[in-house]
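Below is one structure, written out as structure tokens; the observations come after it.
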Amino acid sequence: MPNSFYGPSKPDIEAHFLPQFQTLNPQPCYSNFNNSKDISKLSSAQYSTLESSSASGSYNPSCVSFSANESPPMSHIDFLSYPSGQHNSPEIGCSSPVSGSTITDDKNDLKHKLRELETVMLGPDSDVVTSSYGSAFGGRTHVALPEMESWGVMEIIAQRNLRQVLIACGKAVSDNDQLLTQWLIDELRQMVSVSGEPVQRLGAYMLEGLVARQASSGSSIYNALKCKEPASSDLLSYMHLLYEVCPYIKFGYMSANGAIAEAMKDENRVHIIDFHIGQGSQWVTLIQAFAARPGGPPHIRITGIDDSYSEYARGGGLNIVGKRLSELADWFNVPFEFHAASISGHYIQCEDLGIRPEESLAVNFAFVLHHMPDESVSTENHRDRLLRLVKSLSPKVVTLVEQECNTNSAAFFPRFLETLNYYTAMFESIDMTLPRDNKDRINVEQHCLARDIVNLIACEGAERVERHELLGKWRLRFKMAGFMPYPLSSLVNTTIKTLLKNYPNKYTLDEKDGALYLGWMDRNLVASCAWQCS
């Protein structure tokens, strides 16, 4: 494989072509409680233990435009009656509202303590215990305090630990405790901010998902929320910025390209099936690499499979991708064909792929298989069906790039915790590159990440399209379909290490069992591997 594989041999080539190929495809990135009252009894230490025990569709929350100095509403659901509040966290020093009081399991004593709290806050004649420490959180005394056992949650709120409040709210939603959920949502509104710290920004979108889940479910979220998509050119710009500021997508494209180039180094006719073509930007460097191959380039044919979301961001159909890739191939004197398959990957059949027996076949699954429903959704298991279909085509190599996240068949609360843990790392990594008050960063997170977060939390069944699996589960699926691992070239590892030198040193690259893992600190976020027919 030529050393020029991952970079242009002529400086003006990338400047000429890459602006046309801005990426579209950033898809990218646990409890034992049975009683609905249990969550309210947890101490802060117990919440930490709960977090550490973690095992392990789409709706656009970007409905309102706003400036860099303005936070959008945390909910765009007009028919909700939840009290609204400021979205930037107030700096409040919260101490125990009853000096010297202790928390006890004795219900009579607890009632007495809460009555003391009520008297301090509302006066001796009040017969309503209020939420949120009343005036300490802005004097909001209109929501009744849910059950006496909620003292533990009140203690957590007093500590202003947003992560723990999010977990408490997720557990309340899981337990269908409507009163506690409403109370905690009201508190969360005061703590989240789209321009704050990473957990505040993530919290804003997780809160969006919780509110949407309470108000509706599945596809009806689309109808209930009158959301306006950004202009296609703006959406493409946001996705390109995410592509540049984080290495996740580049890592996926580089590792997949490296495996395909290695497998096809001696082939004269190459057919690549891309199950999520997007803008086609991932194939720029591969076409260039084949052009520099000793003995001349092969004939390349790319079958691009599309979806409506990509079409919207692209501003048109697959003919746009075909035209751009053809122009690029002409520039490098590479024989090239483009075959458009304008159909959802769920429904692809062999006849849609234009297979020719004289071509060597490569199949690319980059950030797409987790959108395919499996046996946990319906009896029609598209996830495994596609793998069996691909196996029947006898490809030389199949590449897989997926988010290293466990949300497919998990129940709501474990999935909520996994989403919190995964995207905390993602938002922290973005925080190292773009300033918190940067409008572009706000737009990147709102339009490229929030959609997935809300889908994970708000939707169930077929409407939840974000269904990630850990690489261990993908391995089982590929082996059951008749594949065995294809070893990645050492050049891939070396090239990605070079790439990561351009990013903060908290990114990690691990190679294990023939797969590459890109992570942030101690959390793996993206996994890449390749497969061949056994």
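The values are calculated or read from the model by the stated rules, or taken from the named source; none is laboratory data. Quantities reported herein were computed from a predicted structural model and do not represent experimental measurements. Positions of Cβ are generated from backbone atoms using ideal geometry, with glycine treated the same way; all protein chains shown enter the neighbour counts.
Values as computed for the structure displayed
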read-out	value
Condition met for residue 192 (surrounded by 18 or more Cβ atoms within 10 Å (Cβ to Cβ), at pLDDT 95 or above and part of a loop (DSSP other than H, G, I, E, B))	yes
Neighbours by Cβ (under 6 Å, 6+ apart or cross-chain): first from region 159-185, among the aromatic types (Phe, Trp, Tyr); second in a loop (DSSP other than H, G, I, E, B)	183/131; 183/143; 183/146
Output for region 280-289, where each listed residue is part of a helix (DSSP H, G or I) and within 22 Å of residue 317 (Cα to Cα)	281, 282, 283, 284, 287
Per-region count, region 520-531, residues buried (at least 19 other Cβ atoms within 10 Å of the Cβ) and closer than 19 Å to residue 406 by Cβ	7
Among residues of region 346-374, those that are aromatic (Phe, Trp, Tyr) and crowded, with 23+ Cβ neighbours inside 10 Å, counted	2
Given (1) within 22 Å of residue 236 (Cβ to Cβ); (2) crowded, with 17+ Cβ neighbours inside 10 Å, index of the condition residue 438 fails	(2)
Test: residue in region 172-179 that is modelled with pLDDT under 95 and more than 17 Å from residue 412 (Cα to Cα)	yes
Listing of helices (runs of 4 or more DSSP H) fully contained in region 430-509 that carry 1 or more residues being at pLDDT below 95 and farther than 22 Å from residue 170 by Cα	439-444, 490-500
Pair list, Cβ under 9 Å, 6 or more apart: region 290-316 residue part of a helix (DSSP H, G or I) and at pLDDT below 90, other residue of a type in the set (D, E, K, R) and buried (at least 20 other Cβ atoms within 10 Å of the Cβ)	314/306
Among (1) over 25 Å from residue 493 (Cβ atoms); (2) out of contact with any Pro (no Cβ under 7 Å at 6 or more places or on another chain) - the single one residue 268 does not satisfy	(2)
Cross-chain or 6+ apart pairs with Cβ under 6 Å, region 359-377 first and on the phi > 0 side of the Ramachandran plot, then among the polar types (S, T, N, Q)	367/25; 367/27
Which numbered condition residue 271 fails, given (1) under 26 Å from the mean Cα position of the chain (by Cα); (2) not in a helix (DSSP H, G or I)	(1)
Enumerated strands (runs of 3 or more DSSP E) restricted to region 324-406, each holding at least 2 residues that are farther than 30 Å from residue 523 by Cβ and at pLDDT below 95	336-341
Matching residues in region 384-435 - criterion: being among the basic types (Lys, Arg) and surrounded by 22 or more Cβ atoms within 10 Å (Cβ to Cβ)	415
Sole exception among (1) of a type in the set (A, V, I, L, M); (2) touching a Cys at 6+ places or on another chain (Cβ under 9 Å); (3) buried (at least 19 other Cβ atoms within 10 Å of the Cβ) for residue 484, by number	(3)
Selection count, region 265-291, where residues are surrounded by 24 or more Cβ atoms within 10 Å (Cβ to Cβ) and over 15 Å from residue 304 (Cβ atoms)	3
